[in-house]
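The values are calculated or read from the model by the stated rules, or taken from the named source; none is laboratory data. Since this is a predicted model, take the numbers as computed values, not measurements. All Cβ positions, even for glycine, are placed from backbone atoms using ideal geometry, and neighbour counts span all protein chains on display.
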There are 2 protein chains.
Amino acid sequence: MESLDYCDPGFTPLVVLELTSETKEEAIGWLLRRIRDLQQNGGDGDSFLSMAECQYIIKHELDTLRARDETHVPGYTEVKLYPGKSIIRRLQSKGILIQLFPLHEKEELKRLSFSWYKKVKLSFQPLDDIRHYYGEGQAFYFGFLEYFTFALVPMALIGVPYYLFDWEGYDKYVVFAMFNLIWCTVILELWKRYSASLAYHWGTLSRKKAFEEPRPGFHGVLGFNPVTGREEPIYPNAKRQLRIYLVSVPFVLLCLYLSLYVMMIYFQMEAWALSVHDDEPTFWAGILIFIPSIIYAVVIEIMNLIYRYAAEFLTEWENHRLESSYQNHLVLKVLVFNFFNCFASLFYIAFVMQDMVLLRQSLATLLITSQILNQFMEACLPYWLQRRRNKKMINRVRKRRTLEDKELPLVEQVRLEADMSMYLGTFDDYLEQFLLFGYVSLFSCVYPLAAVLVVLNNFTEVYSDAFKMCRVFKRPFSDPAANIGVWQLAFEAMSVIAVVTNFALIGISPQVKAYFSDSETQLILWTVAIEHVLLAFKFLLAFLIPDIPKHIQIRLSRLEFESLEALKKKVEQSAENLTYFLK
Amino acid sequence: MESLDYCDPGFTPLVVLELTSETKEEAIGWLLRRIRDLQQNGGDGDSFLSMAECQYIIKHELDTLRARDETHVPGYTEVKLYPGKSIIRRLQSKGILIQLFPLHEKEELKRLSFSWYKKVKLSFQPLDDIRHYYGEGQAFYFGFLEYFTFALVPMALIGVPYYLFDWEGYDKYVVFAMFNLIWCTVILELWKRYSASLAYHWGTLSRKKAFEEPRPGFHGVLGFNPVTGREEPIYPNAKRQLRIYLVSVPFVLLCLYLSLYVMMIYFQMEAWALSVHDDEPTFWAGILIFIPSIIYAVVIEIMNLIYRYAAEFLTEWENHRLESSYQNHLVLKVLVFNFFNCFASLFYIAFVMQDMVLLRQSLATLLITSQILNQFMEACLPYWLQRRRNKKMINRVRKRRTLEDKELPLVEQVRLEADMSMYLGTFDDYLEQFLLFGYVSLFSCVYPLAAVLVVLNNFTEVYSDAFKMCRVFKRPFSDPAANIGVWQLAFEAMSVIAVVTNFALIGISPQVKAYFSDSETQLILWTVAIEHVLLAFKFLLAFLIPDIPKHIQIRLSRLEFESLEALKKKVEQSAENLTYFLK
């Protein structure tokens, strides 16, 4: 790293590879040669690319740097290399390469953070700047967060009078559930349109995904890709399916069972707390009632965290060829467990115990506890750790500076950023929003204040997420994206589950039961019939609202039309030339 | 038409325009000039195109032949023309152009019909030949018909023992309904894959639909298309929406009400027949019981026919810009009414009257009567009319032949075909299959023999449809297609309705009711819960089965990859040339 001291001052550093301090010279030389080989074959950043795009290209080239005829890493005979194995991956797993990360650009970051979260007046986020600095993936997350928060405002506004005036007649229940249903569908459809506009604006809407390179961790026997004809690792799909269905699926089911077990312990605690309160209704016993819920909420968060690591390990082991396929399998695993873990107890209270008071109390405790925990785990804790590290670093640098009396901004910056925590992608952020969406859409009929809490949470979330992106974490590699991907599907699935749940809640609410007091069968049949009609209506609505706004659609068609016309002209010209030549 | 006598013997006629016999010379000259203008701008059939493709191109060019500065048709001052109005359409509506149709090719037709329906031994249909002669649209219909018939065989095979041995325990009901559910989903998903293979084989899979020309009947103020920048009629979307929601939708609802009214009359007739039978249970009274169902079935067919014309008129009046949009609106209108008209009485019997014996009897009568009527209306009647006309024609030609003693094969053929009935597209054929699919999937739980009847019907349907295409109707213009279009969606919607209906049938079946005799609520809740799980499973299944088979997907990706590589090379070459030039 000391070599940085002597480099050209006009040089802008983009990506840092941190090797262990004892790395042998041979290995460094070899790695540099292999990387320079790449450069000759193209991949050098052009000046019209944004910094994020250059970093993405370098990342891509490094990821696809695979061993050819080398049997081992030069200087390390014990670190074997097989043809087609990712070199970077190998170096990383053997601890020679410690990390690989892009550098922050201090001036731009300052500008961005000012317009993003340091301003006093409320305004929309600078999505274009975020996209320019962090890439489309990040920008889409912040765009979605902002959109979702604003979309929640009507729900929150309607929720307040419902909560304050205890509107609990069956007719008001039905009205609120209907509103919830239409709201869920419409906001997701409108998001699709807004997202298409953003992607069009950023030039990623028509992005082709066909030639995705195999992901860095992918391994297999070297063979030929049937599409490109290029040499790359091949792993039989049947083997992967076996791993998924014989190991991953049973593991997930086991975890779900465990989660159920923990839930039952929670209910026992709850019953005990209630019995204590009933025996001696003191102030402290009143507070004791909330304790089991709080403990349960903490346990849920811990279980989610542990499961997350297990899911990552399993999905890695399934050896998916494409990053997108890996992501889809990981998201599916984590979603199913998180959904179950967070909402199972609420469903149990609602439909098995049918205790609406406990449901409301439990929902409120879970929601508030998980929000507080999340904000703490996401931003405060890393910030505090970071600050401690920064201080140490700055002190050390200051000492050196006084000794050598020379400015070392680049080395200093690289050292600082190398010590920052790694940002693990938008996964957890989306997951949090997904669960919040679940709390609002599934049970807001019972606890209309949920939307208000989520809106408040999200207002601070925007700031804390922006802050952690700019100050707490290493700069992440940008990833081009045309939409929020599999999360769109996840949110849509949740909105369907929400319709069913809301109708079931209406069906078991005492107010509605009282109305149909003479025949329970009639009540259920009516509820089910209306639910089916509304589900059909929901699908129709999603079908009728076009996914891409008209003006974008016209521009896309025009682009395609013009390229076709240009092709036609080209063909005509060639034909003319040919005629001329034949004469 | 007499001018055909003197034409070049090497000339192959493709499309015939029949004008009234008193058409003025001026108008003929003008029309020919306008058509020849087209020819100069391209559109002349190349030799590597199939005959069906040439005919399609000519049709397309004629359809888009629009008036420019002509104020009226030359020779007909009363037939006004406005810029942008379709000329062919105008001539047709004013009765100057009687019809426009492609000619059969006698040799090829003979070969095709032999391999299609004249062979004695059973075999698959020659789909490639059908596609070559009639185009992809027709070939897809026959492919679907064949596929659907084979797909029904397992249902039919399972249905027979269910029917014969009166398997009516609740467990067997549930097993049959489950089988039905999985069957529906799987056959539709597999069809998508098969259809993709066919389309790939025929080269229409990646067909772009973006630059569809406005349909011939479309009218509006002349303006500029925002995509192509070309002059074409513009009609405001808001106006169309008003027509749809203020006229078409109320009209459809009125028709549904009427259909309900007719249904009620049928039930009164049914009740009366039953009371007669109960008073005097003679043989004739036993037959009388079936009479109301038969009459009702005939009335349904007549109502469907009348409604069909009304729907076409209305959709035409809605003035859709694209043929596809016109088709979608027409299909939706007709489907909703036909579904309601055919199945409302069955739903009423099943869920309001809860009379399973009547349901079974009613279903059988409706199914058999409509099958017989359809076969008669579709093939027998037109064939018989056609035969009478042909005989007259042949007699007349023979007379002439003896007089002039000269062979006139072309004029004779054109005259014969001009008199044939017009084939109105695959709409009615798909609609019939859709309704049959409904009978099987909705109620086969109650009447397991339905699938057997449909299989038998479809075996003859293949032959009668092939026969009518080759012998009864004028050759239709071919239309390129990549799939069965909106019908895929219609069949999928039906399969969802089928799941709900089957579960409702299980819920009300006496066997299941007896099992849950102590609590009706429990029964309904279980039924609804299982239904929801299965619906979710169905959507998951549809999601998990890829729509395009792997090997086709690989070939498509390779194609795209190769074109991208070629583009890269081209760019590199240009850069090299530029460098060379600059030196």
task = Specify which of the listed residues (B:Glu312, B:Glu323, B:Glu318) is surrounded by 14 or more Cβ atoms within 10 Å (Cβ to Cβ), free of Cβ contacts under 8 Å to residues at least 40 places away in the same chain and more than 18 Å from B:Leu366 (Cβ to Cβ).
result = B:Glu312
task = Can you work out which of the residues in segment B:291-309 that are within 14 Å of B:Asn341 (Cα to Cα) and crowded, with 19+ Cβ neighbours inside 10 Å is modelled with the highest pLDDT?
result = B:Tyr307
key: Any pair with Cβ under 6 angstrom, 6 or more apart, that starts in segment B:546-570 at a residue that is assigned to a helix (DSSP H, G or I) and ends at one that is hydrophobic (A, V, I, L, M, F, W, C) and surrounded by 13 or more Cβ atoms within 10 Å (Cβ to Cβ)   = B:Ile552/B:Ala196; B:Ile554/A:Val227; B:Ser557/A:Ala210; B:Ser557/A:Val227; B:Arg558/A:Val227; B:Glu560/A:Ala210; B:Phe561/A:Phe211; B:Phe561/A:Val227
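Kindly evaluate B:Val276 against the criterion of being surrounded by fewer than 17 Cβ atoms within 10 Å (Cβ to Cβ) and in contact with a Gly (Cβ under 9 Å, 6 or more places away or on another chain).
On the way: surrounded by fewer than 17 Cβ atoms within 10 Å (Cβ to Cβ): yes; in contact with a Gly (Cβ under 9 Å, 6 or more places away or on another chain): no.
It is false that B:Val276 is surrounded by fewer than 17 Cβ atoms within 10 Å (Cβ to Cβ) and in contact with a Gly (Cβ under 9 Å, 6 or more places away or on another chain).
Quick grid of which residues meet (1) assigned to a loop (DSSP other than H, G, I, E, B); (2) at pLDDT 85 or above:
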{"residue": "B:Phe124", "(1), (2)": "yes, no"}
{"residue": "B:Asp166", "(1), (2)": "yes, no"}
{"residue": "B:Asp171", "(1), (2)": "no, no"}
{"residue": "B:Cys184", "(1), (2)": "no, yes"}
{"residue": "B:His201", "(1), (2)": "no, yes"}
{"residue": "B:Arg207", "(1), (2)": "yes, no"}
message = For segment A:472-479, check the following and say yes or no: at least one residue is assigned to a helix (DSSP H, G or I) and within 14 Å of chain B (Cβ to nearest Cβ).
response = no
ask   = Can you pull out the residues in segment B:223-238 that are over 15 Å from B:Arg68 (Cα atoms) and touching a strand residue (DSSP E or B) at 6+ places or on another chain (Cβ under 7 Å)?
value = B:Asn225, B:Ile234
query = Can we say B:Thr527 is farther than 23 Å from B:Phe437 by Cβ and in contact with an Asp or Glu (Cβ under 7 Å, 6 or more places away or on another chain)?
reply = no
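For residues in segment A:529-541 being hydrophobic (A, V, I, L, M, F, W, C) and touching a residue at least 24 places away in the same chain (Cβ under 8 Å), which is nearest to the other protein chains (Cβ to nearest Cβ)?
A:Leu535
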inquiry  = Quick test of your reading of the structure: B:Gln241 fulfils all but one of (1) within 14 Å of chain A (Cβ to nearest Cβ); (2) in contact with a Phe, Trp or Tyr (Cβ under 7 Å, 6 or more places away or on another chain). Name the failing condition by number.
reply    = (2)
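Across segment B:132-167, which residue is nearest to B:Cys54 (Cα to Cα) among those that are of a type in the set (Asp, Glu) and touching a helix residue (DSSP H, G or I) at 6+ places or on another chain (Cβ under 8 Å)?
Of the residues in segment B:132-167, the ones of a type in the set (Asp, Glu) are B:136, B:146, B:166.
From what is left, the residues that are touching a helix residue (DSSP H, G or I) at 6+ places or on another chain (Cβ under 8 Å) are B:136, B:146.
Details: B:Glu136: 14, B:Glu146: 28 Å.
Step by step, filter segment B:132-167, then rank; the result is B:Glu136.
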message = Testing B:Asn483 on (1) within 30 Å of A:Val227 (Cβ to Cβ); (2) in contact (Cβ under 8 Å) with a residue 24 or more places away in the chain; (3) within 11 Å of chain A (Cβ to nearest Cβ); (4) among the polar types (S, T, N, Q), one condition comes back false. Which one is that?
response = (3)
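Can we say A:Ser495 is closer than 23 Å to A:Val174 by Cβ, more than 11 Å from chain B (Cβ to nearest Cβ), touching a Ser or Thr at 6+ places or on another chain (Cβ under 8 Å) and among the hydroxyl-bearing types (Ser, Thr, Tyr)? Step through it out loud before you land on a result.
Working: closer than 23 Å to A:Val174 by Cβ: yes; more than 11 Å from chain B (Cβ to nearest Cβ): yes; touching a Ser or Thr at 6+ places or on another chain (Cβ under 8 Å): yes; among the hydroxyl-bearing types (Ser, Thr, Tyr): yes.
Yes: the conditions hold for A:Ser495.
Taking B:Asp547, is it under 30 Å from A:Ala493 (Cα atoms) and more than 14 Å from chain A (Cβ to nearest Cβ)?
yes
Looking at A:Glu108, A:Glu146, can you tell me which residue is at pLDDT 80 or above, surrounded by 15 or more Cβ atoms within 10 Å (Cβ to Cβ), out of contact with any Ser or Thr (no Cβ under 6 Å at 6 or more places or on another chain) and of a type in the set (Asp, Glu)? I'd like the intermediate steps shown before the answer.
Values: A:Glu108 fails: surrounded by 15 or more Cβ atoms within 10 Å (Cβ to Cβ).
Going through A:Glu108, A:Glu146 in turn, the sole match is A:Glu146.
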ask   = Can you spot a residue in segment B:486-504 that is loosely packed, with under 14 Cβ neighbours inside 10 Å and assigned to a helix (DSSP H, G or I)?
value = no
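Going by the structure shown, is B:Phe516 surrounded by 14 or more Cβ atoms within 10 Å (Cβ to Cβ), closer than 21 Å to A:Gln241 by Cα and assigned by the TED database to the domain that holds B:Pro448? Spell out the reasoning first.
Working: surrounded by 14 or more Cβ atoms within 10 Å (Cβ to Cβ): yes; closer than 21 Å to A:Gln241 by Cα: no; assigned by the TED database to the domain that holds B:Pro448: yes.
No: the conditions fail for B:Phe516.
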inquiry  = Quick check on this structure: which one of A:Ala514, A:Ala504 is within 11 Å of another protein chain (Cβ to nearest Cβ) and under 27 Å from A:Leu346 (Cβ atoms)?
reply    = A:Ala504
